[in-house]
Amino acid sequence: MPQMMTRETKESAIDVINVVLGVALALSPWAFGFTHDVAAAWNAWIVGAIIALIAIGTLVAFAEWEEWANLILGLWAIIAPFMLGFTGMVSASRVHMVIGVIVAVLAAVELWWAHHRPLSTA
């Protein structure tokens, strides 16, 4: 059974940021006009929605696997333009890479905090 941990305000704030980033990625095909590129649009919709849903789940009850999932999703968003062949679409590539870097870094920070937190005396 996954260990449930108490969350600090800064960790909850990171999860709220991830919700916003996930929603932003999911809405980016309309905002940046790349709905006609099937690979870029569907990747943004699916990955963005999953990032947001995982972050919402983390706000409700933290489990370490959620941070690992967001780390993987963030890394996927970074490499997706190359793997799915939409590097020529500058707006789609940039939004995937920027949001991917931020999500991956935030997940890595949360994982680091989870393993380097001093033991509580309470």
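FYI, it's all coordinate maths here, none of it is from the lab. Just so it is clear, the model here is predicted, and its values are computed rather than measured. Don't worry about glycine lacking a Cβ; one is built from the backbone with ideal geometry, like all the others, and counts go over all protein chains shown.
Quick look at the numbers
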item: Environment charge at Ile51 (Cβ cut-off 11 Å; Lys +1, Arg +1, Asp -1, Glu -1); result: -2
item: Fluctuation leader among Phe82, Phe34, Phe62 - the chain, Gaussian network, Cα springs under 10 angstrom; result: Phe82
item: Two-site label geometry, Trp42 and Trp30: point separation in nm, points 7 Å out along Cα→Cβ; result: 2.0
item: Karplus-derived 3J(HN,Hα), 6.51/-1.76/1.60, for each residue of segment 81-96, Hz, glycine and proline x; result: x, 7, 6, 9, x, 10, 5, x, 8, 4, 5, 5, 5, 5, 5, 4
item: Residue with peak Gaussian network fluctuation, the chain [Cα springs, cutoff 10 Å], from Ala49, Ala39, Ala104; result: Ala39
item: Residues of segment 25-41 with amide N under 14 Å of the 7 Å Cα→Cβ point at Ile102; result: 25-28
